[in-house]
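Q: So that we are looking at the same thing, I have put the structure below in structure tokens.
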Amino acid sequence: MTSSKNNHFILVLSTLLFILQTQSSLGNHSSTDGFFPWAPKHVVIINKLTTHARLIVHCTNENKDLGIKELAYGASFDFRFHINFRKTTTYTCSFEWPKKKVRFDIFSTYRDDNVFSKVGVCRECIWYIYEPAPCRAKRDGGASICFGWDS
């Protein structure tokens, strides 16, 4: 009976290690990203407005206000955090430049920390902010993935 339990334990452990190995080989992210709660994240927002206007950024989540940042063209703002246990972490940012103010969920666990998401998991989520859309960089060097503004 003990041998059977040991074999079962080895099988479960091997399966878990295989899953973690497979996840870590699929892209530039931690093997825990998209799999366990509390995964570390780093969001970088870069002003790429084609008019070279200053970009005013204000990001918040349910519990934290990151303050208002003013970014010159090409400048960046970044922040770090961990996914909450319920895997519901969302950071929403407002973006403002002359004659325009828009909002976007710059980080959504459903989109950015979900192995089944069409855009994939990101540990370092790099965002280029253009007038028509926010675009998330692909770590493999491929074309960025652009999204529509939320408002």
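The values are calculated or read from the model by the stated rules, or taken from the named source; none is laboratory data. This structure is a prediction, so every number in the text was calculated from the model and none was measured. Remember, those area values only see protein heavy atoms, side chains included, never the ligands or the DNA or RNA. Shrake-Rupley method; radii C 1.70, N 1.55, O 1.52, S 1.80 Å.
Q: Quick query: amide H of I126 versus all other amide H atoms, modeled in the peptide plane; which residues come in under 5 Å with a sequence gap of 5 or more or a different chain?
A: Amide H neighbours of I126: V44, A137.
Q: Ignoring everything but the protein chains, give the 1.4 Å probe accessible area of F85 in square angstrom, nearest 10.
A: Counting only protein heavy atoms, the figure is 140 Å².
Q: Using alpha-carbon pairs under 8 Å, 6+ residues apart, how would you state the relative contact order of the stretch 44-151 in percent?
A: 24 percent
Q: With θ set to phi - 60°, apply the Karplus curve 6.51 cos²θ - 1.76 cosθ + 1.60 along the stretch 119-136 and write out the HN-Hα couplings as whole Hz, x wherever there is a Gly or Pro.
A: 9, x, 7, 10, 8, 10, 9, 9, 10, 9, 9, 10, 4, x, 5, x, 10, 8
Q: Further, regarding this structure: Report, by chain and number, residues whose modeled amide H sits under 5 Å from the one on S144, excluding near sequence neighbours (fewer than 5 apart, same chain).
A: Amide H neighbours of S144, under 5 Å, 5+ apart: K138.
Q: Filter the cross-link list K48/K69; K41/K99; K69/K118; K64/K101; K64/K138; K41/K118 down to pairs whose alpha-carbon distance in this structure exceeds 24 Å.
A: Violating the 24 Å Cα-Cα cut-off are K41/K99; K69/K118; K64/K138.
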